[in-house]
Structures are given as structure tokens and as C-alpha cells.
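Colleague: Before I ask anything, let me first share the structure, which is written out below as C-alpha cells.
Taken together, the values in this text are just the output of simple stated rules run on the coordinates, not laboratory data. In this text, all values refer to a predicted model and were calculated from it rather than measured experimentally. Neighbour counts run over all protein chains shown; Cβ positions are idealised from the backbone, glycine included.
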Amino acid sequence: MTEPTVPPTRDELDLRAYESRLTRPVREKAAELQEGVRLKHVIFAGQLWPQLLENLADTADQIRVMSKSRPGQDFLRDLLANKRAMLYFTQPSTRTFLSFTAACQILGMVCNEVRDASTSSEAKGETRFDSIRMFSSYFDLIIMRSPLARLAESCAYLMNDLERSGQRSVPIVNAGSGADEHPTQALLDIYTLQRTFQFENPMDSPVSRLDELRSSYGYSDLAKGLSDKTYCFCGDIGRGRTVRSLAMLLAEYPGVRLVFVTPDHEKLRMRDDLRQRLMQKGVPIFEVDSLEASVNGKPVIETLDALYMTRVQKEHDTADDAAAMAQLDLTPYKLTTTLVRRMKAYAPILHPFPRDQHFGEIPAEIDADPRAMYFRQARNGMWVRAALLAHLMDADGQIDRYYHRKFHERHEYSS
Amino acid sequence: MTEPTVPPTRDELDLRAYESRLTRPVREKAAELQEGVRLKHVIFAGQLWPQLLENLADTADQIRVMSKSRPGQDFLRDLLANKRAMLYFTQPSTRTFLSFTAACQILGMVCNEVRDASTSSEAKGETRFDSIRMFSSYFDLIIMRSPLARLAESCAYLMNDLERSGQRSVPIVNAGSGADEHPTQALLDIYTLQRTFQFENPMDSPVSRLDELRSSYGYSDLAKGLSDKTYCFCGDIGRGRTVRSLAMLLAEYPGVRLVFVTPDHEKLRMRDDLRQRLMQKGVPIFEVDSLEASVNGKPVIETLDALYMTRVQKEHDTADDAAAMAQLDLTPYKLTTTLVRRMKAYAPILHPFPRDQHFGEIPAEIDADPRAMYFRQARNGMWVRAALLAHLMDADGQIDRYYHRKFHERHEYSS
Amino acid sequence: MTEPTVPPTRDELDLRAYESRLTRPVREKAAELQEGVRLKHVIFAGQLWPQLLENLADTADQIRVMSKSRPGQDFLRDLLANKRAMLYFTQPSTRTFLSFTAACQILGMVCNEVRDASTSSEAKGETRFDSIRMFSSYFDLIIMRSPLARLAESCAYLMNDLERSGQRSVPIVNAGSGADEHPTQALLDIYTLQRTFQFENPMDSPVSRLDELRSSYGYSDLAKGLSDKTYCFCGDIGRGRTVRSLAMLLAEYPGVRLVFVTPDHEKLRMRDDLRQRLMQKGVPIFEVDSLEASVNGKPVIETLDALYMTRVQKEHDTADDAAAMAQLDLTPYKLTTTLVRRMKAYAPILHPFPRDQHFGEIPAEIDADPRAMYFRQARNGMWVRAALLAHLMDADGQIDRYYHRKFHERHEYSS
């Protein structure tokens, strides 16, 4: 990129200094980002594991029950009222930004934001690391979204280094870095699936009685939980970081099958590295070009237990990409009411949102179907992000104690 | 606009779907926006009626008294501390935005904002309705200002539809939609007139003793309240949505006369629809081209009970408009100290602000006159918006009980 | 600037109206900005004096001790929870903005912001004074940063005039006005020096035992406090408003010597007015072109008690300036590890930050040196700004009483 005669900037040197730590195996890096079984920083989805996901879902469930009453709300809002959060979003995002903001506010944290790098001190030649240290001087938590892959990860290591030298350090949460990682999106996708596959609450499960599903609907093998299910991803797999992360997390559950429905275009179909990582885990994966394609003798649309639709991310298109895409027939990657009718009665439709009204991967006609879980999914994101922040700030134990004191006993008696 | 071969966007379809509801008579629409005598959404000034305006003024008065003491402030700030507001302002406005923000904060609500549609998910092809549903997922109240006429109204119907289908719904407050409606501006104008025509507080009433006004000043017929008065609007009537709304509300009070002082230009003078609606109500209206013009045998400036000045809204000018305006003599629509001297001693001067320093409809020399009520009017806006939010969120009853417990008895004994 | 035929705008008239008050001697102006020994508005560094700086440092120290415990944090957050602050920043600044925001939040104040004049009512022809009066209608404190020299000062006088006429007035804090004044930066610089020269806390003082410094290190004359020390400023003195303000404040302490290390360029070296004001105070000043230059027979770098580095403010460069600067050898104005090794063991390195990674006045290699106080300095800024706001809002007395009740006695017993 730079001519050999131009000396590297401090920013480049800073990132180079972390190069060897950034390229370590995920397992080794994850270890540096946690303390015992608790996360210190949340950087990539690979840090999450099924037991932790269960705990976070429990905390999220507790928070949402507590949020129904004024005393519960007041308890939650007092928990982290002494903490100040910085949302450092140099890549635009309304949805993720607002979801995190609401999550902070549920726990009483005041939110502060820097959203435009050009108005910040970076314009005066400040390094990114100096900016991050400034934020960590004034605030107690940094939630960051950046177009720069691995910036959040480097910042987490910077914080660890500062801590080791006796200086102030705060947790870093990655709210999306480049085309790379978006761990909390994966977290809310998993949480939505966890709620749906509890088959308990009609708001979360299109059909909420498991015995009825087994007998009347004939899904005799159906069991609670994320294991032993077929998950289908449809659309832009290659550039959808949320798909990458979610697929990797699902691969941790036994008996999971993954189906990827994409056009045969190198930018859109699954990338090699993801395919290899999934195969190393021994997960059966199927790559087809239509929701009607046959997998194990039946059309995908009829066998899937959950359908994850995505938007074709045109904002990442080069001019060549756009020309190539224009040649593709993308009709098979749009959901229709006819297709939805063929889906299993309980199978949720997810979408990381926003959906694209011009492309139309999910027409508004489908919104009224009880399997349309995408609006619910957005609100789930707020609750599970609040749970994650409570975990990071060591407040989940207090939530659990309050919940059991006030709600659980009553619940046990009444159920 | 669109060629017949281009299919309509989802956004267009969404608005069309509400077309039949948007075009119903005001009375019918207002019914859908309230529940009994309480407002569910605040969309247009036509939803307000004199008794409700009295109640809101009472709540506003109570809030401002309570805000003078720390215990009162603390009580207010606790009221809605469990609620989160979204201010969705895609049409720029500092004044209305800050006024609503302060109103929310008085009641303890945390404010969140989206002000630039281009940074939001709309740039990724999200429909406006999907955006609104996202906001309603995370927040408890949406205050919106949009260049699109009737968007707020459509959003209110969307919320009602969601509520009917058992889904989450939150109140919508219209903080200005296109050239169309700005109901809370009308509300604060009315509140300012209510305070002034109480003739009680010297801060609100240029002359605050009614008996003195009747005897020494010779206004023998003068009575408290908004009825039986002459209201004069001066300047840009055609494009001033605040004038439209306020005039319609004043028309509900008996004995009201309305004078409109505008240049004879089709963009600036009263629009036909407003004229017709006022005439249907049987309100005497006078349209003249100068504050010196004679109405019922006396110059307007000497007979008016309240003067509402406006800014010529050049930002709505087309190139043709600008050329036409340049030909007009706009001097008669600027207030002068000489004119103010001829006004009645108690007649307040209002202005929706900002005033235009380049046009100069109210020169700064007039600010020191006790009849200049425009700065007071701005602060009134904060109090009455807080009252409106308290009403919407069902907290006005608690305010009333606290007020009577702590203040009113003392007040009754002392007066 | 304007042709003689163009009438002045209201904004210009407003500022002209204050001209005679703006050009008064500092002492006279300072008197109008305070009430007894308390500040009403904070506009320029010349308002601060050593005893006030001691008091503010004491309050800042108390706040930071109280902030270590949850009860202390809760006490602080309740103090001004009934107040709303407006941060009106039309000159971009992330660092100062966030520092003030955090300071407000420590004391429980809700922060509101207007950062872009173009989105505000000013675009509709509103005068700056009308904008400020709007802010003072809704909020209880205005913290402002403007590219316009003396705007903050004019606003303070406007508030005083309003107060005199019985109208609402709020404190104004200048967070930087043009190339002119930045009093709270000087305040935090002084506070950092106060902490360092206490020789008590190892976080603040590179060597924290004064007896050890006197005996083992041979600084036999070294005493606590800011007096009797040599302060060295290096880099862009001419355009650094922080240097101007800090130098003037240091001149109030007895036995202070000031050394200015700058290239010989009229834009970068000390301006005549500062030189004259310092000489009038009788402070020994030395102007040299290198940190190696000899002052009183020894190289500056070895004799200084504190080193204040600055960034060359290229954003103020004209094209001619840039060309002239390109000819200069700026190497002597960059710190190196070799130079740092020659500094006194206790001498802190300060920098108003951001530092410039491209210029490199302080390379990152120096960050680990215990004398590198610039990150600490940033956090100090938050504490001392909180102290200043507490002073302005009359809450410092409450802090002092709480502190002595809860902490001081314990501290006295334990030490």
C-alpha cells in the first residue's frame, strides 16, 4: 500500500506491535480475553460457548421479567448507575447503537458517544490508541464499532497491557468490526433460538406446546434446545459477518446441520475459511442454490428447523461486483408467502435487520405470520446485550439474587 | 412522479395502505388517537379541545411550581425515570428538539436521538415503518419530526394496529411534520395566552391586575381567559404551520376575532382551506395588509388583545417565490417601537421563534418591553410539553395528588 | 470586512454593544464575573488566583476519593441531579467535550449538546444571543466552545444583564474560544502540577518521597508546591492558547522561572503581548531554540522542574505559514528517550493532548516513563472540571462537609 520510502505511521506501528497476538489461535486469544469463566472483553463470537450462552440467556430472561415491574426496573437502573459507557461508533449503525444504548440504560448506565472520527482528535493526528486511552480515562466501558478489522481486539490487548502495568483499564465490547466479527449479533441470534426452542412462550414460539407439536403436528423427534436441528442460512453468506459468527456458534451444539442457500457467486457464497472451520468441527454442511433444493431427499424449505434470511450487502460492492450481481437471478433468495406455508409449523424466521425494501428478501406480507421472529429478535438483542453488560460489569450475580428473592419462589409455587 | 413501469417502493405502499385512514374527517381520526378523554398519540392540533387545554395548563402550572424546590424536582424526576424516549428528528430543529429534551428530563426520562436519516438504517433500504418499529422495540415513547407530511400520523396508526394484534406499541408525538402540523407549538402558544390572560403573575402579564386594567386603563369589558378577544397574526400566514394550528384552536373559544396581516401574495396569505374551516366555525376573520389597517373602525395595532408575529420562511421558497418576494414591500410586517407603543397595555407579543435577524420582524429594541412575551413563551413550551408527556404516560394524576398534598393546601391557607 | 453600504447584522451589533465591556482591564472584567470570592462565570484564566486554585484542587481531591466507593459516587451523583447542562460546542473538540461531559455526569447532571451551528436555528437567521437565551431557558448551565474569540465573555455579560433585569440567567463556562482562552485547560494543568509537587502519591509523582529526593537525589532545595520552580514550555508557543493561560497563572507564584523553547518563527514563538504581561509581573523568562540550550549555565533539559510539550497546530496554518514551516528544522522540538534520561527524576512531562503522531513531539516510547504525566493529566481534567462545576453551582460546600464526615477523620486517625 505505502511506498517503501514512506515511514509507517504510529497507527500502523501500533497495529503491527499487536500482529503476533492477533494471529494466535482463537483458543489462545480467548483465554487472554477472559478471567476464569468470566469475559473481560467481548471481541469475537469464538469467545462464547454453550454454557456461557445458557447463563447469559438466564440473565436476559431475569432482566426482562424484572423490567415488567417498577420495583424491578428501579433495581436494575440502580445497578450500574455509577458507571459511564462510551459508544465509539466510527462505522454508522443505528440499530446496534440504539440496542446497546437501551441495554446500558436498563442497567442505569449513562451513555456517551463518538460517532464521527473526523470531528474527533484523530483529525489532529491523534493515534487510535491515544483516543481509546482518552475514552478509558473518562468512562468505565467502551463499546466500539469500526470499519477496521481487529481494531477492537487490539484495543482489548492495549487495556490488558495497561492493567498489567498498574494503570486504568476498562472492558472493550466489539459492536462490529469491518466485515469481520459482530459477536453480540450472534449472541442475540442464539438467544432468539434459545427462546423459540424452549417451546414455552407463545410470543417466542410460533407453536408453543412441545407435546402438541410432537403429536398433532407429527414432529415426533422434536426436542427442546438448540441441538439436533437443521439451520438454514439464505442470501449473502460470503459478506454477512453475522452468518459467520452464528454458524460457528451453532457448530458447538451436537446434532446440528447447516444449510447455506446462496447464488453461485464468489462474493456471496460461503468463504473457504468458514467452510474449513465448520468441517473441522465435523458439522454436516450443505451448500445449495435454492430453498427448493433437495437436501437428504426433501426440499430445504420443508426440512429446516430455523431459517436465517439476510440482506445482500450492496454497500460492500465494487463496480465489478455490481455488474456481476446484475447478471444473477436473485429471485430464489427472496422469501414468499408460498414458501413460508411449506415451512415447519414451529420454525422461526430470523433476519439480522435491516431488511432491504428494494431487494425484498422478506416481503411485509410475511410479518403477520407467527413464525416471523425478526422484530422479536431485535428486542431480544436489547435484553441479551443488557445481560452481557451485566456479566462484564460483574452485576449478573446481584440480578440473580434479586430475581430469586422476588420472583422465582412465587414462580415455583404458581407453576 | 414515478414512471408507470417502476413498481412502487415498500415505503410508498406503506403510506398508500393508510391513505383511507389519513383522509378521514378530523373528528373520526381524533377518536382513534385517544382513549376516552386521554390522548394516546399527539398528531395534530385538532385533537386538542378547551377542557383538555385547561387540564394541560393546570399540570404545567403544577410542574413549574414543583420545579422550584428540590423535593418537587426529585419527585418529578422519579416519575418516568423508568421510561426511555426516542427523539426521531429527520427535519432539523434545535429549539423544538431541546424543548422536548428538557421536558423529558424534567420527568426523569432518558432521551435518545436519531437526527440524520442518512446515517440510519434507511440508507440500507429499510422502510420507515421498520425504523419506527425498531424504535418502538427499544424505547417507550417516540417524539418525531419529519419533512414528510402525515408520517407521524401513519406511525400512530401503525402502533394502533400493532397493539390490536397483541404486539408492542408506544405513544407517538408529532413534533412537526412538513408544512403540515406542529401541535405542540400550538399548545405552548395557547398556554402562553392562558397565563397572560390570567392577569395574575407579573412575569406572564404585562399588567397583572385586572381591576387596574379595567379602571385605570379603561378596558372595562376585559375578562380573564381566552374568550372574547381579538388575536392578530402578522407575516407569513400561508406557510406558517404554527399559525394554522393556533388559529383553529382559538376558534374553539367563544367571542374570538381573528385578524391576519399579510402581504397580498398567494404563498404568504391565508390558504383557502384554513379560511373555509374558520368560516365554518363562524369565527369573524379579517384579512388586511398592514398593522395600521382599520378593522371595525380602529387600526388593528390598537385593538388587538394579542399579537402573533412570524418569520417569513424563506427556506421553503422556490426560485420563483424568491423573485416574487423580492418585489414585495415587507416593511409593514416588521414591528417597531412606535407600533408597540400603540398596543394595549396588556397585549402580549408572541413569536414561535427563531426570529430572523436579517428580516427583522421583531427588532431587539422591543425585547425590554413587558409585552414582549416570546422568551417567556419558549420556556412555557418546556413546561407544557412536560405536562403533555405526563398526560400521555399517565403520570399527570400522580403530579396532581403530590401537588395538592404539598402545595395547594398551603396555598389555600395563605391566599 | 463588510462594504460600508451593507448595514451591520444584528450579531455584529450585539458584539459591538459589548465592545466597551470586552476591552476593560482584566481585573475589572474579572470582578463582574464573580460574586465575592466565588466565580459566577468562567471565561478566562485571569479570573483564577492561587487561593482559588488551592480550593478547587481540594474539592477535586475530595471528589476523586469519594468516587472510589459506591456511597461516595451516589452522594456525588445526587448533588446536581436536578440540573441540566448544555454543551454548546460549535468548534469541534472530542477531548474537552467528553471531559466536561464526564465531569457533569459525576455530579449527576444530565448533559445536552449542540455541536453543529448549521443544524441549529442560526441557519434560520437567529442571532447567537437569541440562541444562548434559548439554551438558558431550558438548561441550568452553559458550557461553550466557539471559534469566535470573546463570544463566551459576551454571553456572560448578557446573562448578567438579564439577571439585573429580573430575568433568568445561568452560569457560562468557556471551554475554548478561538485562539484566545481555554481557562479550564490551564486549570487542569495547574492541578496536575499541584498533585505532582505534593510528592505524596506515586501515581502523580514520579518520585513521591520528598526526603528521598532531597537526600539521595541531591535536590536539597526542593520544596512542595508550585513556587520556586522552573517551568519549560516547548514547541508551538505562539498559537497555543493553553501555554498562554498556564504561563500567566504560574506567574502568580513566587520564585517561578519560565523557559520557552521554540523555533525562531513569528507564528511559533511567544507573542509580544504575553512577553510584556509576564515581564510586568517580574517573572524571569528565557527564550531559547532548543531543550539543550543553556540557561543560567546548564542545559534547559537538566534544570527544568516540569516540561510542557505542545503540538504544532497545523490546522491554523495559512498556505504561507505551511511553506515557511516546511523550511524549519523542527527536530529540536521533539522529545526523545535520550533527552528524558537527562531530566530531573521528579520532573513531570505534560501535554495538553492530542499529541500528533505524524509530527511526533512525544514518541510512544516515552509513555512508560514514570515522568510521563499526560494520560494522568487528562483524567485530572475530569476531576478538576467536576470541582469547578461544583464550585459554580454552589455544591462544593456540601462535598466538603460529606468528605469530612465520612473520610477525613478516618484518614487522620490512620495516617
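Colleague: What spacing in nm lies between the two simple spin-label points modelled at C:Asn55 and A:Arg168, each 7 Å away from Cα in the Cβ direction?
Modeller: 2.6
Colleague: To continue, here is another question. Considering the Cα positions of chain B, please state its Rg to one decimal place and its Dmax as a whole number of Å.
Modeller: When restricted to the Cα atoms of chain B, Rg and Dmax are 22.0, 75 Å.
Colleague: Dipole magnitude of segment A:1-138 about its Cα centre, charges +1 at Lys/Arg Cβ and -1 at Asp/Glu Cβ only, in debye to the nearest 20?
Modeller: My answer is approximately 360 debye.
Colleague: Order A:246-253, C:271-278, B:108-115, C:296-303 from most to least packed using the mean count of other Cβ atoms within 10 Å.
Modeller: Final packing ranking: A:246-253, B:108-115, C:296-303, C:271-278.
Colleague: Related question: Counting pairwise Cα distances across segment C:310-412, what percent come out greater than 21 angstrom? Display every interim value, and only then the final one.
Modeller: Working: 3018 of 5253 pairs.
Summing the P(r) tail past 21 Å for segment C:310-412 gives 57 percent.
Colleague: Using helices alone, what [θ] at 222 nm do you get for chain B, with -39,500 (n - 2.57) per DSSP H run of 4 or more residues, divided over all residues and rounded to the nearest 500?
Modeller: -12500 deg cm²/dmol
Colleague: Something else about it: Relative contact order for segment B:205-372: what percent, with Cα pairs under 8 Å and sequence separation of 6 or more?
Modeller: The value is 25 percent.
Colleague: Another question, then. Please work out how much length the chain gains when fully extended from C:Arg24 to C:Met279, using 0.36 nm per residue of separation minus the C-alpha to C-alpha distance, in nm with one decimal. Could the numbers behind the result be given before it?
Modeller: Working: separation 255, 0.36 × 255 = 91.80 nm, distance 2.04 nm.
Full extension from C:Arg24 to C:Met279 adds 89.8 nm.
Colleague: Just grab the label-to-label distance for C:His404 and C:Val37, each label 7 Å out from Cα along the Cβ direction, in nm (one decimal).
Modeller: With each label placed 7 Å out from Cα toward Cβ, I get 1.4 nm.
Colleague: If you average the C-alpha positions of segment B:233-255 and of segment C:256-291 separately, how far apart do those two centres end up, in angstrom?
Modeller: 64
Colleague: Output the antiparallel fraction of DSSP beta bridges having both residues in chain C, as a percent to the nearest 5.
Modeller: The answer is about 15 percent antiparallel.
Colleague: Output the Cα-based Rg and Dmax of segment C:205-372 in Å, rounding Rg to one decimal and Dmax to a whole number.
Modeller: Calculated on Cα positions, Rg and Dmax stand at 16.0, 53 Å.
Colleague: Exposure proxy check: A:Ile190, A:Ile172, B:Ile285 ranked by fewest other beta carbons within 10 Å?
Modeller: In increasing order of surrounding Cβ atoms, one gets B:Ile285, A:Ile190, A:Ile172.
Colleague: If a paramagnetic tag sat 7 Å from the Cα of A:Ala323 along the Cα-Cβ line, which residues of segment A:252-292 would have the backbone N under 17 Å from that point?
Modeller: Of the residues in segment A:252-292, A:266-267 have backbone N under 17 Å from the label point off A:Ala323.
Colleague: If you take each beta carbon of peptide C:77-86 and count the beta carbons of other chains within 10 angstrom, what is the mean?
Modeller: For peptide C:77-86, the averaged partner shielding equals 3.
Colleague: Let me ask you something else. Counting only Cβ atoms, what residue of chain B lies nearest to the axis that sends chain B onto chain A, and how many whole Å off?
Modeller: Smallest Cβ distance to the axis, with its residue: B:Val110, 5.
Colleague: To the nearest 0.05, how large is the calculated FRET efficiency for B:Glu302 and C:Ala179 if R₀ is 51 Å and r is the Cβ-Cβ distance? Working shown, then result.
Modeller: Details: r = 53 Å, r/R0 = 1.03.
It comes out at approximately 0.45.
Colleague: Would you mind listing the distances between the B:Thr331 label point and the same position in each other copy? Use 7 Å along Cα-to-C-beta, nm, one decimal, shortest first.
Modeller: Listed shortest first, these distances are 7.1, 7.2 nm.
Colleague: Can you give me the three principal axis dimensions of segment C:91-190 from its C-alpha atoms, in Å, biggest first?
Modeller: Reported extents, whole Å, longest axis first: 36, 28, 25.
Colleague: Modelling each spin label as a point 7 Å along the Cα-to-Cβ direction, I'd like the B:Leu13/C:Ala345 distance in nm, to one decimal.
Modeller: 7.8
Colleague: Please list A:17-30, A:126-139 highest first by mean number of surrounding beta-carbon atoms within 10 Å per residue.
Modeller: A:126-139, A:17-30
Colleague: May I ask you to derive the relative contact order of segment A:127-244, considering only C-alpha pairs under 8 Å and at least 6 residues apart, and to give it as an integer percent?
Modeller: 20
Colleague: If you don't mind, another one. Could you give the size of the charge dipole of the protein assembly as shown about its Cα centre, using +1 on the Cβ of each K and R and -1 on the Cβ of each D and E, expressed in debye and rounded to the nearest 20?
Modeller: In total the dipole reaches around 2480 debye.
Colleague: For chain B, set up a GNM with springs between Cα atoms under 10 Å and report which of B:Lys40, B:Lys124, B:Lys83 has the largest fluctuation.
Modeller: B:Lys124
Colleague: What does the net charge come to around C:Arg379 if you take all other residues with beta carbon closer than 14 Å to its beta carbon, with K and R at +1 and D and E at -1? Don't skip to the end; give the middle numbers.
Modeller: Details: positive: A:Arg84, A:Arg133, A:Arg168, C:Arg64, C:Lys68, C:Arg95, C:Arg195, C:Arg376, C:Arg385; negative: A:Asp130, A:Asp140, C:Asp61, C:Asp189, C:Asp204.
Local net charge: +4.
Colleague: In whole Å, what is the distance between the alpha-carbon centres of segment B:47-85 and segment A:159-185?
Modeller: 42
Colleague: Tally the DSSP beta bridges in segment C:205-372 and give the antiparallel ones as a percent, rounded to 5.
Modeller: Details: 2 of 18 bridges.
Beta bridges within segment C:205-372, antiparallel portion: roughly 10 percent.
Colleague: Counting only C-alpha contacts under 8 Å and six or more residues apart, can you give the relative contact order of chain C as a whole percent? Write out the running numbers ahead of the final one.
Modeller: Working: 658 pairs, mean separation 74.4, N = 415.
Computed over chain C, the figure is 18 percent.
Colleague: Right, something else. List the lysines whose alpha-carbon lies under 23 Å from that of A:Lys314, not counting same-chain residues fewer than 8 positions away?
Modeller: Straight-distance partners of A:Lys314: A:Lys267, A:Lys334, B:Lys124.
Colleague: Now for a separate question. Taking the label point 7 Å from Cα in the Cβ direction, how far apart in nm is B:Asn201 from each other copy of itself, listed shortest first?
Modeller: 4.5, 4.5
Colleague: With +1 assigned to the C-beta of every Lys and Arg and -1 to the C-beta of every Asp and Glu, and no other charges, what is the dipole magnitude of chain A about the Cα centre in debye, to the nearest 20?
Modeller: The dipole magnitude comes to about 880 debye.
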